[in-house]
Each structure stands twice: as structure tokens, then as C-alpha cells.
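Asks: Have a look at this one.
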Amino acid sequence: MTMLEIARGPAMQVSILIMVGGIGWRLAGILLLRRRPQRAAPRHGFVRRICGGLSAILSRFIPRRTFRRGTAVSVVLSAVFHLGLAVVLFGGAPHILLIRQITGLTWPGLPKGIVVMASGLTLASMIALLVRRMTHPVLRLLSTVDDYLSWLVVFLPVFTGILLSGETIGGYATLLSLHILSVELLLVWLPFGKLMHGLLVFAGRGAMGVTFARKGAAT
Amino acid sequence: MDDNETMGAMLARRGFGRRGLLKFAIAMTSSLALPPSVAPVMAASLARARRQSVIWLSFQECTGCLETLLRSPSPTISSLIFDFISLDYQETLMAAAGSAAEQTLREAVAAGKGEYLLAIDGSIPVRDGGVYSMTGGRSNVSMLETIAADAKAVLAIGTCAAFGGIPKAYPNPTGAVAVEDLVAGKPVVNIPGCPPVPEVLSGVLAYFISFGALPALDDRRRPLAYFGTTIHDQCYRRPFYDQGKFAKSFDDDGARQGWCLFELGCKGPTTHNACASLKWNGGTSFPVESGHGCIGCSEPDFWDAGSFYTPLAGATLPGWRNAAIAASVGLVGGAAAALSGRRKTAPKPEKTP
């Protein structure tokens, strides 16, 4: 069995099962969290609370005026990173093929040049974010192993993907194997660290917005 | 043909002049990725060369490799290389049969001891003492061991000889192995393909006859000049891959316009061979040009590497049932951990005055 066959076969299966099981674990933990009883009467009804949740989902994309200057670098770099990653993930033809295989959904892919450019921007923004994290005194203090590990498991697929697109080092099969294995590492780590925000971010914002709206706070 | 006749004399007899030989040498040096200055040297060496003894053994195979090498479309010098070699033993082609054929083999081995090239097509079954493929009462394993011992070099022709091929595919009932698994201490050149490109064999032979040595090989013992790049790298559909234009079915507009067959399972990106540059049938086309994706036939274990029609980007997924089990295990485990945590952190009951 070659490395590519292992990567596309058993390694992929194991990593997906760990990811699915891990997501179940995290969701059960979140849903069963002890919540404080709400003793105060709600300020708004059901519809206003749902609107508050939706509002919180959208409003958090734009930083508050008060913090805009202090967070501008992080916000811009993070936006470049997330948009670039989305272009790569949902625009790259091989990725669309895999999504189609899993879900049956498909759409036209982007030209390879655009995907490679987006990969380059993603990679550059990730490096800049890491440098900022390691040099900013507060960020450095707040950072944990989870932050660095999450960064690494996202960085590796992007990096190997760029190598694969150019076939610069090693053969296509070797690079494809490394790329798939790095994605599998990401899948394994996804439910257990901060990368889980990729699945929970909108639900978390929405829940917070609903709570705020219930209390009558601005969302 | 006189055994002492040089190749130059043979070609002259066949109507090829010095210019023709030089053109062939230029084409060969080019295909072997040698410097242009080597071409006159190769032409001179070839003109002086005498017939090279080749003993060809067919083991567990389908004769497709031999067929493709014999069915050259026109009498080019490339094909005449095959005429020029002294094919001292080849069961399918020789007139002799039975004990006479066995005697021919013994004589060929004795006469060319240490000098002949041993060409093998087909894999070698080793299970149960190698009884699944016998010639004249001898197993392929036994023949290979004794005849390879006196060969100058061994050419494993076709994917079966080079990597085990289809006979080695799961469940491999005969215990088929490749030539390189059994031959030790001799140079082995793998020329895989199902079948292999004829010009690759003629190139290797031309190099060997000219320089008395084997060309540079890659880590799988394949001639680097022919197997150094992938089908994908040389494919005329490659620009469409880069543009993100993929045929969705074998007969859609995209396929007709030459769009990339990656989504239809083409294995060109992981397959090393010269099909896309040398092509087949006198340079007419190659499988991808004929509308079908590359099946990766020149790579090891290609038959067991998943469906020919699953894209390389695809994967073997765990299935919805297994995913549901994993999710259930996760939910139960997470719930147990959460409830255990709740119990530990349960607030103390408020004191009543």
C-alpha cells in the first residue's frame, strides 16, 4: 500500500471518524453545560430575541469603533486569511470533487491561478498573524499550546497545497499524500481545540445575541 | 543475418544511409535527454556495433507486451533495432518447440554467458514452489535464477515483470512477484506499462548497444529519460487543468474540446510514463488524447489503487453508518463527561434563614 493509498483510504476514514466523534463529544458537552436560571422577566418576545441572535451574527464581522484602531491589523489579517481559505476550499477543483463525493453538491471551480494566489495570500496572512502573536506582549501572554497547534494544523494543508499546485518539491503523488495527510491532521484536531469555532462561531454568536436580546441589551 | 554484420551494414542493406542513422541517433539522444553532442558518437557506435544477444523469457503474462513491440507501424530504424538484436530465445516467436526449444535456450545461455541481455515479460509466481507457471517442467522462479545469473543485465518489460502487474493484484492467488524481487546482484531495468511504449525499449537497447551501459534510472529502476515526468506534465490537456476546465462526462462538450479528464478519474498526475510525448501507433495519439483518462498502468499496484473513475482528489470515506456510530459514541462520551462535571461543580443549596 502506497502512502497515497493510505492517505486516501484508512487514514482518511480514521480521521473523519475521530472528527465526527469529537464533534459529538463537544456538542454534548456544550448542550449539557449548567446554565444559570433566568430569574428576570424577558424584555423581548421570541421574534425580537431571534432577531437579536441574527444581528449578533452579522454585527461581529465589523469591529466596534472603540476598538477599531487597536485591532485593525488583526482584523485585516484575519479577514484576508479567512477569505483566502474560503476561496481555496470552495474554489479549488479537487476540493469541490471531494465535497461532491461526500455531499453530492457541486459547483464550477475557479482557475488554478486564482486558487494559488488565494493560497499565497492565506499563507502570508497566517505567517503575519503568527509573528504578531509571538511578538505582541499581551497576545503572547494569552496564547496557549492550542493556539499554536491550531495554527500549525491549518498552516500545513495550505503550505502543502501550494507545493502540490506547483509540484515544486517531490512528485505529485508524494505531495498529494502529504497534503491529504495534513488535512487529516486538521480533521483530527478540529473538534478538540479552538478550530471548533469554524463550526460553532455562528451558533455561539447567535446564542449570545438571543441572550442579550432577552435582557434588552444591544446586539 | 550474419552475426558479425555491423548495424551500419545492416541498415545500409535495408536502405538507410548514414544520414538516416544520424537522424535516429539525434532522436534517441533527445528522447534519452542526452546532450546533442552525443548524437554523432551514438551514430558512430551504432554503425560499428555488432549484434547483441538477447534471451527473452515470457512468464506469467498475456503476450501484450511482445505484441506491442512487434507491431511497429512502419519499418523505422527504431523498429529495426529489434531486428538487429540477436533474439536467441523467445518462445512465442521461435519456430522450435518442446525439447528443441529447451536445447536452444541452453545453447544460447552457454554461448552468450555473461554477455547476453535477459528480457522478461510477465510476473513470477512463487507460491507453492512456483507451480502456477512452468516451462519445460521448470518453474519460472528456477529459470529466472539460473539464467539471470549469467546475464549482463536484466530488462523487466511491462508492468507485470517490473512490478507484478495484474497477476499480483489482490488476492494474488499465485504469489506473483516482480523480477527485481528475485534478481540480486545484476542491473535490472524496469520498463513498465501495460503494454510498455515500444520506443522506450528501443531507446534503452540503442543506449546499451552504443555505450555498453544502461541509461540513468529513477528510484524504481525506470529509465529516467522516459519516466522522469508524469503524463499530466506532458499532457496537451494540462492547460485546461490549470484553467479549472474539466470534462464532466466522457462525451460532453468539455471532453470534446479537450478539457482535462481529472474529474473523470484520470491518473495522469501520479503516472510516470512517456505516452504523452512519444504517443502510440506511430505518434497518432495516446489514451488521454483518445478521450479516456490515464489508468496509471505503468505504476506499481495500479490495479488495486481504487477505481479508474474515482478522481485522485477523491477518498475512500467511512460511510454514513460508521459516521453515525462515531457520532453516537462521541455524544454519549461527551454527555457522560458533562454530567460528571456538573455533579462535581453542583452549587450548594441556598441556606434558608
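The values are calculated or read from the model by the stated rules, or taken from the named source; none is laboratory data. Note that the structure is a prediction, hence the values are computed from the model and not measured. When we count neighbours, we look across all protein chains shown, and the Cβ atoms used for this are built from the backbone with ideal geometry, even at glycine. SASA here: full protein model, heavy atoms, side chains in, ligands and nucleic acids out. Shrake-Rupley method; radii C 1.70, N 1.55, O 1.52, S 1.80 Å.
Asks: For chain B, what is the calculated [θ] at 222 nm in deg cm²/dmol (nearest 500), taking -39500 (n - 2.57) for each run of four or more DSSP H residues and dividing by its residue count?
Replies: Value at 222 nm, helices only, nearest 500: -11000 deg cm²/dmol.
Asks: Right, here's the next one. Looking at the stretch A:1-19, which residues lose a minimum of 30 Å² of accessible area between their chain alone and all protein chains in place, measuring with a 1.4 Å probe and not counting ligands or nucleic acids?
Replies: A:E5, A:R8, A:Q13, A:I16, A:L17
Asks: At a 1.4 Å probe, which residues in the stretch A:24-38 are at least 30 Å² less accessible with all protein chains present than in their chain isolated?
Replies: By number: A:G24, A:W25, A:A28, A:L32, A:R34.
Asks: If you don't mind, another one. Radius of gyration and Dmax for the stretch B:231-304's Cα atoms, expressed in Å?
Replies: When restricted to the Cα atoms of the stretch B:231-304, Rg and Dmax are 11.7, 33 Å.
Asks: Another question, if that's okay. Treating the angle as unsigned and between 0 and 90°, give the value, to the nearest 10°, between the Cα long axis of helix A:172-189 and the longest Cα principal axis of chain A.
Replies: 20
Asks: Per the helix-only calculation at 222 nm, which mean residue ellipticity applies to chain A, given -39500 (n - 2.57) for every DSSP H run of n ≥ 4 and division by its residues, nearest 500 deg cm²/dmol?
Replies: Counting only the DSSP helices, I get -26000 deg cm²/dmol.
Asks: Let me know the mean shielding of B:293-301 by other chains, meaning the per-residue number of their Cβ atoms within 10 Å of its Cβ.
Replies: 1
Asks: Right, another one. Can you give the mean number of other chain Cβ atoms that lie within 10 Å of the Cβ atoms in peptide B:14-27?
Replies: 0
Asks: When the accessible area of each residue in the stretch A:80-114 is compared between its chain alone and the complete protein assembly (1.4 Å probe; ligands, DNA and RNA ignored), which residues differ by at least 40 Å², being lower in the assembly?
Replies: Listed by number, the residues meeting the 40 Å² cut-off are A:A93, A:P94, A:L97, A:Q101, A:I102, A:K112.
Asks: To the nearest 100 Å², how much accessible surface do chains A and B cover up together, summed over both, with a 1.4 Å probe?
Replies: Values: alone 14460 and 17820 Å², together 29050 Å².
Result for this pair: about 3200 Å² buried.
Asks: Taking the Cα centre of the stretch A:121-196 as origin and charging only Cβ (+1 Lys, Arg; -1 Asp, Glu), how large is the dipole, in debye to the nearest 20?
Replies: Here the stretch A:121-196 has a charge dipole of around 300 debye.
Asks: So in the stretch B:51-224, what percent of DSSP beta bridges are antiparallel if you round to the nearest 5?
Replies: In the stretch B:51-224, DSSP labels about 25 percent of beta bridges as antiparallel.
Asks: Here is a further query. If each of A:R60 and A:L199 carries a label point 7 Å out from its Cα toward its Cβ, how far apart are those two points in nm?
Replies: Roughly 1.7 nm, to one decimal.
Asks: Output the Cα-based Rg and Dmax of the stretch B:169-218 in Å, rounding Rg to one decimal and Dmax to a whole number.
Replies: 13.8, 42
Asks: Given the options A:W151, A:A213, A:T122, identify the residue whose Cα lies farthest towards the positive end of the charge dipole of the stretch A:118-219 (+1 on Cβ of Lys, Arg; -1 on Cβ of Asp, Glu).
Replies: Of the listed residues, the answer is A:A213.
Asks: Are there cysteines in the protein assembly as shown with no other Cys C-beta under 4.7 Å, and if so, which?
Replies: So far as the 4.7 Å Cβ criterion goes, A:C51, B:C62, B:C65, B:C160, B:C235, B:C260, B:C266, B:C275, B:C294 stand without a partner in the protein assembly as shown.
Asks: Determine the dipole magnitude for the stretch B:231-304: charges of +1 sit on the beta-carbon of Lys and Arg, -1 on that of Asp and Glu, nothing else is charged, the reference point is the Cα centre, and the result goes in debye to the nearest 20.
Replies: 240
Asks: Shifting gears a bit: What is the percent carbon and sulfur in the accessible area of chain B, measuring with a 1.4 Å probe over the protein chains and ignoring ligands? Each step should come with its number before you reach the end.
Replies: Numbers: 9190 of 16250 Å².
In chain B, the share of accessible area belonging to carbon and sulfur is 57 percent.
Asks: From zero up to wherever the largest Cα-Cα distance of chain A sits, split into 5 Å bins and tell me the percent of pairs in each.
Replies: 1, 6, 10, 14, 17, 16, 14, 10, 6, 3, 2, 1, 0, 0
Asks: Which of B:A327, B:L201, B:Y116 sits closest to the plus end of the dipole of the protein assembly as shown, meaning its Cα is farthest towards the positive end, when Lys and Arg get +1 and Asp and Glu get -1 on the C-beta?
Replies: Most positive-ward Cα: B:A327.
Asks: Which whole-number value in Å² is the accessible area per residue of chain B, probe 1.4 Å?
Replies: Ligands and nucleic acids excluded, the figure is 46 Å² per residue.
Asks: Which value, in debye to the nearest 20, gives the size of the charge dipole of the stretch B:51-224 about its Cα centre, when Lys and Arg are +1 and Asp and Glu are -1 at the Cβ? Provide the component values of the computation, followed by the final result.
Replies: Working: 12 positive and 17 negative charges, 31 e Å.
For the stretch B:51-224, the charge dipole is close to 160 debye.
Asks: Roughly how many Å² is the accessible area per residue of chain A, as a whole number, for a 1.4 Å probe?
Replies: Here the residues of chain A average 58 Å² of exposed surface.
Asks: Shifting gears a bit: Which semi-axes, in whole Å and largest first, does the equivalent ellipsoid of the protein assembly as shown have when worked out from the alpha carbon gyration tensor as the square roots of 5 times its eigenvalues?
Replies: 65, 27, 19
Asks: Next question. With only alpha-carbon pairs counted, each pair once and no self-pairs, how large is the Kirkwood hydrodynamic radius of chain B in angstroms?
Replies: 23.2
Asks: Also, I was wondering about something else. Give the average, rounded to an integer, of partner chain Cβ atoms located within 10 angstrom of each Cβ in B:315-328.
Replies: Average neighbour count from other chains, rounded to a whole number: 6.
Asks: Leaving ligands, DNA and RNA out of it, report the carbon-plus-sulfur percent of the accessible area of chain A at a 1.4 Å probe.
Replies: Roughly 74 percent, rounded to a whole number.
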